[in-house]
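What follows is calculated from the coordinates using simple rules that are stated; it is not laboratory data. Note that this is a predicted model, so its numbers are computed, not measured. A quick note on method: Cβ atoms are made from the backbone with ideal geometry, for glycine too, and the neighbour counts reach across all protein chains shown.
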Amino acid sequence: MKIRPVLGATAGLLALLTAVAPAASAGGNWDYGTSRTKLSNGYLFTQIKADWDYPIEQPDGSVYWKMNEWYDKTGGGTITAQFGFNYHGYSYSKGWFTQSAGTTSGAYFDGLGFNDCSHVVGWLAVQGQNTFYNAPVTAC
């Protein structure tokens, strides 16, 4: 796993962190490790980061990852929806939920064994409408 410095870290702190554990990094279009897509009635977010709470390392010695997805619904009627993501041609999802305007709903995936730089694409499937895809994030 490549070690990528965290923006704003001092050289001494970075050296200390690197000596203790491998640095984790991720790409996104909104913020470091986060993607955001504007939908007609809100914003869909996908965030990926190292899962330091997961008790073991992957077989190759790298860390596991966790992913948060949330939808800030700013308008429109009540929806029934489901969060999920695609990785290496497979799709993973959480249960269905109901959401109204002015609320935020989310889903959390942990212990993810991302071990390459392939894109992870978060999505929100809305019953009676479409599946809305977020900009990809990566574990590199």
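Modelled label positions at GLN82 and PHE97, each set 7 Å beyond Cα in the direction of Cβ, lie 1.5 nm from each other. Measuring r between the beta carbons of CYS117 and ARG36 and using R0 = 22 Å, the FRET efficiency lands at 0.60. Between rounded, prolate and oblate, where does segment 74-140 land on the alpha carbon gyration tensor, with a ≥ b ≥ c its root eigenvalues, rounded for a/c under 1.5, else prolate if a/b exceeds b/c? Prolate.
Suppose a student asked you for the relative contact order of segment 40-140, using Cα pairs under 8 Å spaced at least 6 residues apart; what percent would you report? Dividing the mean separation by the residue count of segment 40-140 yields 30 percent. Taking packing as the residue-averaged number of other Cβ atoms within 10 angstrom, the listed peptides 65-71, 121-127 run from highest to lowest as 65-71, 121-127. The alpha carbon gyration tensor of segment 24-133 gives principal lengths a ≥ b ≥ c with a/c of 1.5 or higher and a/b greater than b/c, which makes the shape prolate.
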